[in-house]
Amino acid sequence: MRPAADSTERFTSRAGDYAAARPGYPPGIASTLIAELQLPPQAVVADIGSGTGLSSEPFLRAGLAVIGVEPNEAMRAEGNRQLAAFAHFRSVAGTAEATTLADASVDLLIAAQAFHWFDIGPARAEALRILKRPPNAALIWNDRVSTGEAFAEGYEQLLLDFGIGYSEIKHRHAHEESVAAFFGHRDFRIAAFPNPTALDYDTLLARLNSASYVPKPEHPNHAPMVTRLRALFDAAEQDGRVTMDYVTRVFFGALR
């Protein structure tokens, strides 16, 4: 079920930071799914929880058509601006449980950094309704590497100390019981792609502020959080940047 704070509104004030600073997705995701799922050349992709368009872009660049399904008006508007150059992109106001799309109208359903907000039963039923056969889907996460380097470990500790509900949200990411419930089986495939990002301080701060669980500027914990972030950056930066490593994980296959 949805958390008490409605997930569709959590990013209303964060759309600009999200578009400016969140990591994108490796282009290899699109080519891998096209090959592995044998998608047709003019395949239509439904990007559920498309946000500012970061997850749609690799599929558009690969020549596919994408329908962004996004319930949050501010995020959807930002996505429309970011992807205005792509003729084969359009967005609709909808949710995973009620997309507004027609029956059997899309070749692939994707959800990037969004599945943990879904009400799985209704979202699965809606996916089966809008997907052609076979009903192919891919669930995608950018998983930040949080161990092995002082900066990575310090950033993780910052989120544990200051994030509001961070541990709960982190636990729901790519939870394989939930993934299996959505696919209706455990035979889904998994692919992983390295996805390092180099950040100056302003982009790092915007990335932090883009997270739904981070206290907003008016919260008393925001200022001490930013002070610690600055110290982390100053200790780790080289040539004015730090590297934040991610592994992009993709769970994909046909729903049953």
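With a cut-off of 13 Å between beta carbons, the residues surrounding Asn195 carry a summed charge of +1, where Lys and Arg count +1 and Asp and Glu -1.
For the chain, the longest principal axis of the C-alpha atoms and the axis of helix 120-130 are separated by about 50°. Classify the chain from the C-alpha gyration tensor, please: rounded if a/c falls under 1.5, else prolate or oblate depending on whether a/b exceeds b/c. Here the chain falls in the prolate category.
Counting neighbouring Cβ atoms within 10 Å and putting the fewest first, the residues Ser55, Ser212 line up as Ser212, Ser55. Per-residue Cβ neighbour counts within 10 Å put Leu158, Leu33 in the sequence Leu158, Leu33, beginning with the fewest. FRET efficiency for the Lys132 to Ala77 pair, using the beta carbon distance and R₀ = 45 Å, is estimated at 0.95. A Förster distance of 25 Å, applied to the separation of the beta-carbon atoms of Ala102 and Arg189, puts the FRET efficiency at 0.35.
Quick check for me: using +1 on Lys/Arg Cβ and -1 on Asp/Glu Cβ, what's the dipole size of the chain about its Cα centre, in debye to the nearest 20? If you can, show how the numbers build up before the last one.
On the way: 24 positive and 30 negative charges, 125 e Å.
Once rounded to the nearest 20, the dipole reads 600 debye.
For the range 165-256, a/c is not less than 1.5, where a ≥ b ≥ c are the root eigenvalues of the C-alpha gyration tensor, and a/b does not top b/c. That puts it in the oblate class. Distance between the 7 Å Cα→Cβ label points at Thr243 and Asp161: 2.5 nm.
Can you list which of the trypsin sites (Lys or Arg not before Pro) found in the range 141-250 are DSSP loop residues with at most 14 other C-beta atoms within 10 Å?
Details: sites: Arg144, Lys170, Arg172, Arg186, Arg189, Arg207, Arg228, Arg230, Arg241, Arg249; in loops: Arg186.
Counting only loop positions with at most 14 other Cβ atoms within 10 Å, the trypsin sites (Lys or Arg not before Pro) in the range 141-250 are Arg186.
Going by neighbour counts of Cβ atoms within 10 Å, the residues Thr248, Thr52 line up, fewest first, as Thr248, Thr52.
None of the figures in this text is laboratory data; all of them are computed from the coordinates on show. Remember, it's a predicted structure, so these values are computed and weren't measured experimentally. A quick note on method: Cβ atoms are made from the backbone with ideal geometry, for glycine too, and the neighbour counts reach across all protein chains shown.
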